[in-house]
Amino acid sequence: MFPFRCEDRPQSRAFIAFIVYVSLLLDNMLLTVIVPILPDYLVHFYADSNASFSIPKSVIYKNFDLHYVPKLIGATTGPVSLSNLTSAADHRPTMESENGSIGILLAVKALIQLVFNPIVGNLSSRFGYSVPIAFGTFNLLVASMIFAFGQSYASLFVARAIHGVGSACICVCGMSLVAQLYTEPDKRSKIMGTILGSIAVGVLIGYPFGGIAYDIVGKAAPFHILSVFCVFTLIIQFCSLNFVNRQQTSSLVVEDGRSRWWPLLTDKLILIIVGGICISTSAMSILEPCLPLWMMSVLHPKKWQLGTVFIPDSIGYWIGTNFFGGIAYRVGQIRTAIVALTLVGVSCILIPSANTVAGLLLPHFGLGLGIGVLDAALVPLLATLVDSQCGSDNESDICELSPNYGAVYAIQQIAVSLAYSLAPIVGSELVPVIGFPWLMRTMGALNLLYGPLLIYSGIRETVRLVLQKRSDMPLASVEFANSDGSYRRFYNALD
């Protein structure tokens, strides 16, 4: 029952990586398990609290979070059309009058996570990575219990906010801990890709798990089950993670107050990598609120098809993260990212060309696969860049004792949170102006154009600066040198 050091047991770092995997899995299950529950629960909540409230035949809501999933409550089993929206608008007052409250409730998790990402990145240098991970899991437990027993809008709001804090702790420090444990770039790339796959697994499990448990047992049942999982995870964390020895890094805070983030924010390659992650994620986050309404007006899908149309992208993301981490390192992480961006761009352009719901499956799969491959390639590369800053300049402010990855993964999570919170709002405003097809074509073009930017704006300059200091680089002779001594392996640079 005592914490052990990773170096004491060779197999321990694999088990700790598994703990991070489970923590991220529970985080995403809690994120998605509420989606099929919340609309019906709020409809009945407002109906009970307001006698004049009439439940419309069709309620469309937007989940301003990881996934924007439309739900039709009480809709007919036949094809869905925009006439449902018209008939629903004839009821006064209706759920549409509460759209602002629902939007705030569903947005608060992403917004709170956006705020706490840099805070967690700062605190990781003082408390290490284990304490925030356990604290984040405890927040998931508290949020699950509030969801289970909450009987008011305020309680659900608080639960979503607490979940946002927990997500920030787990996402930032979980990936940082894995980067610290796996210093070998090849193993780091493979393991990080596998752990990122827990996001897709949590999404795939959360939706049906929440809907089935809610339908059979009730609202509280899925959250009680998640609470039990969180308790077991906390017990395992307290038995396995090292809470005694704090992270052996400098505080990264000097007199000017900016040195902790400044080396990262001024590194062109880091900014370009984070930008690539953000722009590819924005393609999905813009698609999710806009696609259902476009489907209803053009493709006339059945009710069940609105929910299942997003399954292929989750499967594609899982395949991309689980199987392309190691491949990306061998082929070249930058090269792989360029191919992934191309796949995302082409998939975005093909989506509005579909004439049937089945025609959306392949572009959706390609979109998820491209985002998964890109994450598996670039997220581990961020840790390598932090290592290079530490190794290439012994006087760098970014580290003094050992690399601290909290700041760079806080920046990465800020980019992801921005994509999932702001991009859908912008997309929803642009659809009435330019239309859904041109919106997706524009997003596709942006992803296609970002590839050359990734090549020519940052790679050569960054490699040149690093090669000037290669004599100080740890592992330079074995990791970055080719047989001809040209050092072309570093960052998988393009000739």
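Mind checking which pairs have a first residue in segment 115-132 that is within 14 Å of Ile170 (Cβ to Cβ) and outside any helix (DSSP H, G or I) and a second that is modelled with pLDDT of 90 or more and hydroxyl-bearing (Ser, Thr, Tyr), Cβ under 8 Å, 6 or more apart or different chains?
Tyr129/Ser176
Conditions (1) of a type outside the set (A, V, I, L, M, F, W, C); (2) closer than 18 Å to Arg188 by Cα; (3) in contact with a Cys (Cβ under 7 Å, 6 or more places away or on another chain), marked per residue:
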site	(1), (2), (3)
Ala328	no, yes, no
Val331	no, yes, no
Thr336	yes, yes, no
Leu343	no, no, no
Gly370	yes, no, no
Leu382	no, yes, no
Asp387	yes, yes, no
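Residue check, Arg335 against (1) closer than 30 Å to Tyr207 by Cα; (2) modelled with pLDDT under 90; (3) part of a helix (DSSP H, G or I); (4) open to solvent by 50 Å² or more (accessible area, probe 1.4 Å), all met but one. Which one?
Unmet condition: (1).
Tell me whether segment 390-402 contains one or more residues that are within 23 Å of Val274 (Cβ to Cβ), modelled with pLDDT of 55 or more and open to solvent by 40 Å² or more (accessible area, probe 1.4 Å).
No - not one qualifying residue is present in segment 390-402.
Considering Ala415, Ala383, Ala407, Ala423, which residue is at pLDDT 85 or above and under 15 Å from the mean Cα position of the chain (by Cα)?
Just one listed residue meets the conditions, Ala415.
Let's see how each residue does on (1) open to solvent by 10 Å² or more (accessible area, probe 1.4 Å); (2) touching a residue at least 12 places away in the same chain (Cβ under 8 Å); (3) within 20 Å of Val373 (Cβ to Cβ); (4) of a type in the set (D, E, K, R):
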{"site": "Leu271", "(1), (2), (3), (4)": "yes, yes, no, no"}
{"site": "Glu288", "(1), (2), (3), (4)": "no, yes, yes, yes"}
{"site": "Leu293", "(1), (2), (3), (4)": "yes, yes, no, no"}
{"site": "Ala328", "(1), (2), (3), (4)": "no, yes, yes, no"}
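The values are calculated or read from the model by the stated rules, or taken from the named source; none is laboratory data. As the structure is a prediction and not an experimental result, all values here were calculated from the model. In this analysis, Cβ positions are derived from the backbone assuming ideal geometry, glycine residues included, and neighbour counts consider all displayed protein chains. Side chains are part of the model used for accessible areas, which takes the heavy atoms of the whole protein and leaves out ligands, DNA and RNA. Shrake-Rupley method; radii C 1.70, N 1.55, O 1.52, S 1.80 Å.
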